[in-house]
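S.K.: Mind having a look at this structure? Questions to follow.
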Amino acid sequence: MMLLRPTRRTFLKTAAAMPAFALPGAQALAELGGPEGGNPGYFRFTMGEARITIVSDGYLSLPTDGLGVNADPAEVQAFLAAHYLSTETNTSHTNHLIVEIGGNTVLVDVGSGNRFMDTAGRLWANMDAAGIDPSGITHVVITHAHPDHIWGIRDDFDEAIIPDAAYYLGETEHDYWMQDGLASQVPAEMQQFVVGAQNSINVDGADWELMSDGFEVVPGVRVIDTPGHTPGHMAVVVESGGQQVIALGDAMSHAYTNFAHPEWYNSFDADGDQTVATRTRLLDMAATDRMAVLGYHFPFPGVGHVMRDGGAYSFVPALWKFD
């Protein structure tokens, strides 16, 4: 199991979040109340020659009826309750990867800024708390163009927040969202997603380099095709010192259902069958090669390992320690 070694101390309509330890019937929830002050919004460790920081953009609150839409709803609800999770609200953290390696600083995804949900948009403040100057970001990699991953790219003047960085997006993802007339071809509830993606991709100050499977962003950081959640979704692999970690993006979006029931897909997965095929491949690869994974929507900081569990899998959070 990978030991995380800190180097300093450390889409859709929303549903109202349930109170901490509220009791739906007799079922307690694995949710804690908010602190009187702020909690740390970043977590840092080393992996070989890479210094890795996980920075939170906050969280999203979504209805649980979007989970496991191809399964019996009663089974999904029972699964959530058995795992001390709300059967009404899916609280989904947003964990960003920042990799400092070989003189480069790579940021994966840019959050939603102030354009999506009030509970998100904390990325830049938490980067500041972590001592990371956005102007020092050399490369920005976007896993896919959903609101919580790309809408934070621009400021209130519609200019790129990090104008001097190199920007990267999958070619298939770019071509999908930039289709002429796409907004009129999707359901009404998705039209805002299309407009937001196009505005973000067209932001002034970002010149995009389009990627394909295996593209190396910088030495030690590459992307792999992980389609399904969106047509051109990509995950990011960091390798250093003989260790690897995969930033999954939304190829896997739930730390419990996706592992125990990889055959379930969600309402926000564009192609359910392809999502399941991609997820199964990732789970097998990570378990076989003992690769660490970072789940963008897993409980913060979202880093751990994949363990085979009979015919399914389970998520094992990575251990960490102070020096």
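The values are calculated or read from the model by the stated rules, or taken from the named source; none is laboratory data. Since this is a predicted model, take the numbers as computed values, not measurements. Every residue, glycine as well, gets a Cβ built from its backbone with ideal geometry; the counts of neighbours run over all protein chains shown. Ligands, DNA and RNA are excluded from the accessible area calculation, which covers all protein heavy atoms including side chains. Shrake-Rupley method; radii C 1.70, N 1.55, O 1.52, S 1.80 Å.
S.K.: Would you mind finding the one in Val306, Val276, Val217 that is open to solvent by 10 Å² or more (accessible area, probe 1.4 Å), among the aliphatic types (A, V, I, L, M) and within 30 Å of Met190 (Cα to Cα)?
M.R.: None of the others qualify; the one that does is Val276.
S.K.: Checking the conditions here, which among Thr172, Thr138, Thr143 is among the polar types (S, T, N, Q) and open to solvent by less than 10 Å² (accessible area, probe 1.4 Å)?
M.R.: Going through Thr172, Thr138, Thr143 in turn, the sole match is Thr143.
S.K.: Among the residues that make up the stretch 136-158, is at least one of them modelled with pLDDT of 95 or more, out of contact with any helix residue (DSSP H, G or I) (no Cβ under 8 Å at 6 or more places or on another chain) and among the aromatic types (Phe, Trp, Tyr)?
M.R.: Looking through the stretch 136-158, none of the residues is modelled with pLDDT of 95 or more, out of contact with any helix residue (DSSP H, G or I) (no Cβ under 8 Å at 6 or more places or on another chain) and among the aromatic types (Phe, Trp, Tyr).
Okay, residues lined up against (1) of a type in the set (A, V, I, L, M, F, W, C); (2) outside any helix (DSSP H, G or I); (3) more than 21 Å from Gly113 (Cα to Cα); (4) in contact with a helix residue (DSSP H, G or I) (Cβ under 9 Å, 6 or more places away or on another chain):
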{"residue": "Asp164", "(1), (2), (3), (4)": "no, yes, no, yes"}
{"residue": "Val186", "(1), (2), (3), (4)": "yes, yes, yes, yes"}
{"residue": "Gln192", "(1), (2), (3), (4)": "no, no, no, yes"}
{"residue": "Ala197", "(1), (2), (3), (4)": "yes, no, no, yes"}
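S.K.: Another question, then. Which one of Asp225, Asp250 is open to solvent by less than 10 Å² (accessible area, probe 1.4 Å), under 26 Å from Leu210 (Cβ atoms) and of a type in the set (D, E, K, R)?
M.R.: Asp250
S.K.: Here is a follow-up. Could you list all residues from the stretch 92-121 that are open to solvent by 40 Å² or more (accessible area, probe 1.4 Å), in contact with an Asp or Glu (Cβ under 9 Å, 6 or more places away or on another chain) and modelled with pLDDT of 95 or more?
M.R.: Listed by number, the residues that qualify are His93, Gly102.
S.K.: Right, here's the next one. Please go through the stretch 67-76 and give me each residue that is small (Gly, Ala, Ser) and either loosely packed, with under 15 Cβ neighbours inside 10 Å or in a strand (DSSP E or B) (or both), ordered by number.
M.R.: Ala74
S.K.: Against the definition (aliphatic (A, V, I, L, M), open to solvent by 10 Å² or more (accessible area, probe 1.4 Å), out of contact with any Cys (no Cβ under 9 Å at 6 or more places or on another chain) and more than 18 Å from Pro317 (Cβ to Cβ)), how does Ala270 come out, yes or no?
M.R.: yes
S.K.: In addition: If I ask for residues that are of a type outside the set (A, V, I, L, M, F, W, C) and touching a strand residue (DSSP E or B) at 6+ places or on another chain (Cβ under 9 Å), which ones from the stretch 116-130 would you list?
M.R.: Asp118, Thr119, Gly121, Arg122, Asn126
S.K.: Within the stretch 258-304, restricting attention to residues that are hydroxyl-bearing (Ser, Thr, Tyr) and assigned to a helix (DSSP H, G or I), which residue is farthest from Thr94 (Cα to Cα)?
M.R.: Of everything passing the filter in the stretch 258-304, Thr288 is farthest from Thr94 (Cα to Cα).
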